[in-house]
Amino acid sequence: MKPQRVLAATALIAASFAASAQSMKPGLWEVNTRMQAASGQMQKDMAEAQRQMASMPPEQRKMVQDMMAKQGVSMGKGGPGTMGVKVCMTKEMVERNDMPSQRNDCKQITAPRSGNTMKISFTCTNPPSSGEGQITFASPEAYTMNMAMSTVVQGKPEKVNMDASGKWLSADCGAIKPRGVPKK
């Protein structure tokens, strides 16, 4: 998988599962995600993308970082091998327990929240992928998530584990616009 594809896939999945629940604050959230594929290819691709960014001349690196930032995406802010995505959650999205997504080919299911946890699952068609996991809410301003996924990478089945953490940044989303809501 090319480094650009890993970045896009990571950003899409992270954005797809920015957690929401009735007690969470609407506004701007930052979600830092680390993905580990059984084959190790995803980690290699992420490391290569980060090496390529680091080797760019400063002005080119800044241009790429600024372009990514306009989309709410950052690399390595949560540590090596992480991808950060800023997500805007509206009051209505929080009240409906919706999770934003950039992909229209995904369906998701969220189980009712039990205490400070909520179970989630999803299926997408392109590439074919599915997963299930659990979100643990530390407060209305923070959560962690663990997810096990199955997908296809370069035509081969791949198992991927994802760990993410989300933190509320502000009631004002600024330039970051709410993303679409996947099908239920």
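The values are calculated or read from the model by the stated rules, or taken from the named source; none is laboratory data. Computed from a predicted model, the values in this text were never measured in an experiment. Quick reminder, even Gly has a Cβ in these numbers, built from the backbone with ideal geometry, and neighbours come from all protein chains shown.
Filtering region 130-165 to residues that are more than 15 Å from the chain's Cα centre (by Cα), closer than 19 Å to ALA111 by Cα and of a type in the set (Val, Ile, Thr) leaves only THR136. Going through (1) of a type outside the set (S, T, N, Q); (2) over 20 Å from GLU141 (Cα atoms); (3) at pLDDT 80 or above one by one, ARG103 falls short only on (3).
Taken over region 139-159, the criterion of being touching a residue at least 24 places away in the same chain (Cβ under 8 Å) and closer than 16 Å to ASN32 by Cα is satisfied by GLU141, ALA142, TYR143, MET145, MET147. Scanning region 112-131 for residues that are under 20 Å from ASN161 (Cβ atoms) and either of a type in the set (Ser, Thr, Tyr) or surrounded by fewer than 15 Cβ atoms within 10 Å (Cβ to Cβ) (or both) yields THR117, LYS119, SER121, THR123, PRO127, PRO128, SER129, SER130. Screening ALA142 against (1) farther than 20 Å from GLN71 by Cβ; (2) surrounded by 13 or more Cβ atoms within 10 Å (Cβ to Cβ); (3) at pLDDT below 90 leaves a single unmet condition, (3). Mind listing just one residue for me: the one in region 39-65 that is at pLDDT 85 or above and outside any helix (DSSP H, G or I) and, of those, nearest to GLU158 (Cα to Cα)? It comes out as MET56. Taking the numbered list (1) more than 17 Å from the chain's Cα centre (by Cα); (2) in a helix (DSSP H, G or I); (3) modelled with pLDDT under 85 in turn, ALA14 passes all entries but (1). Restricting to region 33-86, name every residue that is under 18 Å from GLY131 (Cβ atoms) and either of a type in the set (Lys, Arg) or free of Cβ contacts under 8 Å to residues at least 24 places away in the same chain (or both). Result: ARG34, single match.
Against the test of being acidic (Asp, Glu) and not in a strand (DSSP E or B), the options ASP172, ASP163 yield a single qualifying residue, ASP172.
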